[in-house]
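First up is the structure itself, then whatever we jot down about it.
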Amino acid sequence: MRSVPTIRWCPTIAPVLAALALTAAPPQAHAGFVFNVSYDDPGGAFSSFYGDITSHVQAAGADWTNHFAGSGSLEVVVRFSTGIPRATGRSLTSSFVGFSPTNGRAMFEQGMAAEIRTGIDPNGASPDIELVFNPGYLANELWFDPDPVHRTATVPTTRTDAMSVFIHELGHAIAFNGWRSSFDGSFTIPDGESTFDEREFFDGANFFFNGPHANALYGGPVPVTYGNNFHLGNNPPRPGPDLIPDLMNGVVFFRGTRYDISNLDLAIVGDTGLQPLPANPVPAPPALVLAAVGVLGLAGYGRLGGRREAGSSAAAA
């Protein structure tokens, strides 16, 4: 399911991840960004979820923005729809950053990234970020952490970790989105592209992200999910089964498992134009070791202006 992209011209396996040091260590806390959450929910039909959603949006937002300099306010609107299977996330606007040196297209960064990078809100008082949830998914699949900041409670093996889903969806709002077809890499709009699109290429069979920071960390172009191309990794025989444990993978989220921002995720964000703060270096994920985790089962796809995906369990792969 796809929606029309929005262009606004502006001036401007958790134990495995820990063992392999895949998760990025956040820099020292700073003033940071405030995430203000509102609800588009006529009649308050889903008000019983408001408290958990707000706490998780704020904690997930801090997980991302603690990696970047600056401070400010980001406005998030939450909606509910049975028209999606699970959850979606996107920036509600994009910001023009120049023209592509490779194809001459106008390039746009995600509105969330633009506001973090410049301190200027590209769409004024309007919401910056949209999250949409299927109510059944909220009620019957997601597990809301009683302490989403510290994340020390055990995730039930019968549920998908909500914080992982929220962090993942904000990853689409900050960088992992664009206007390329998920199946052949062609553009779905006539003359624009996202900063993620600029780095993504299709070799005739598979997608890759080709950015200097990401390539240096991974050891070459990073495999992108075929059919779900604003994500990382694939089931074999396509390349990138080693990336299935990554937060931004497009294959599966396992129940009972926490996911977090990896250094590779941050390298990709950096290659799209939003530079993370320096942090202690963490090794890139060893491909052969991660592959040994096994390839099991996130279905769906995304567009700038309409993320359609996220947080599936192994059972829903």
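Region 209-317 holds helices (runs of 4 or more DSSP H) entirely within its bounds, and those carrying 1 or more residues that are at pLDDT below 95 map to 287-291. Screening H150 on (1) under 21 Å from T65 (Cα atoms); (2) crowded, with 24+ Cβ neighbours inside 10 Å; (3) out of contact with any helix residue (DSSP H, G or I) (no Cβ under 7 Å at 6 or more places or on another chain) shows it passes everything except condition (2).
With F202, F208, F187 as the choices, which residue is surrounded by fewer than 17 Cβ atoms within 10 Å (Cβ to Cβ), farther than 30 Å from A59 by Cβ and aromatic (F, W, Y)? Working first, answer last.
On the way: F202 fails: surrounded by fewer than 17 Cβ atoms within 10 Å (Cβ to Cβ); F208 fails: surrounded by fewer than 17 Cβ atoms within 10 Å (Cβ to Cβ).
Criteria check complete, one pass: F187.
Look at (1) surrounded by fewer than 20 Cβ atoms within 10 Å (Cβ to Cβ); (2) farther than 21 Å from S94 by Cβ; (3) not small (G, A, S) and you find that V165 fails only one, number (1).
Matching residues to (1) surrounded by 18 or more Cβ atoms within 10 Å (Cβ to Cβ); (2) under 22 Å from D271 (Cβ atoms); (3) under 18 Å from the mean Cα position of the chain (by Cα); (4) of a type outside the set (A, V, I, L, M, F, W, C):
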| site | (1), (2), (3), (4) |
| --- | --- |
| D40 | no, no, no, yes |
| R90 | yes, yes, yes, yes |
| T93 | yes, yes, yes, yes |
| S100 | no, yes, no, yes |
| F108 | yes, yes, yes, no |
| A114 | yes, yes, yes, no |
| L142 | yes, no, yes, no |
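Does A113 satisfy the condition of being small (G, A, S) and touching a Phe, Trp or Tyr at 6+ places or on another chain (Cβ under 8 Å)? Don't jump to the end; show me each part of the working.
Details: small (G, A, S): yes; touching a Phe, Trp or Tyr at 6+ places or on another chain (Cβ under 8 Å): no.
No; evaluated as a whole, the condition is false for this residue.
Contact annotation: residue pairs with Cβ atoms under 6 Å, 6 or more positions apart or on different chains, pairing a residue in region 246-270 that is farther than 18 Å from V222 by Cβ with a partner that is of a type in the set (S, T, Y) and at pLDDT 95 or above, are F253/T160; R255/T157; R255/T160; G256/T157; R258/S164.
Kindly evaluate S126 against the criterion of being buried (at least 21 other Cβ atoms within 10 Å of the Cβ) and assigned to a loop (DSSP other than H, G, I, E, B).
Details: buried (at least 21 other Cβ atoms within 10 Å of the Cβ): no; assigned to a loop (DSSP other than H, G, I, E, B): yes.
Considered against the rule, which asks whether it is buried (at least 21 other Cβ atoms within 10 Å of the Cβ) and assigned to a loop (DSSP other than H, G, I, E, B), S126 comes out as no.
Being assigned to a strand (DSSP E or B) and either at positive phi or of a type in the set (S, T, Y) (or both) is the filter here, so list the residues in region 55-107 that pass it. Residues satisfying the conditions are S71, G72, S73, T88, S91, S94, S95, G98.
The values are calculated or read from the model by the stated rules, or taken from the named source; none is laboratory data. Note that the coordinates shown come from a computational prediction; the quantities given were computed from them, not determined experimentally. Don't worry about glycine lacking a Cβ; one is built from the backbone with ideal geometry, like all the others, and counts go over all protein chains shown.
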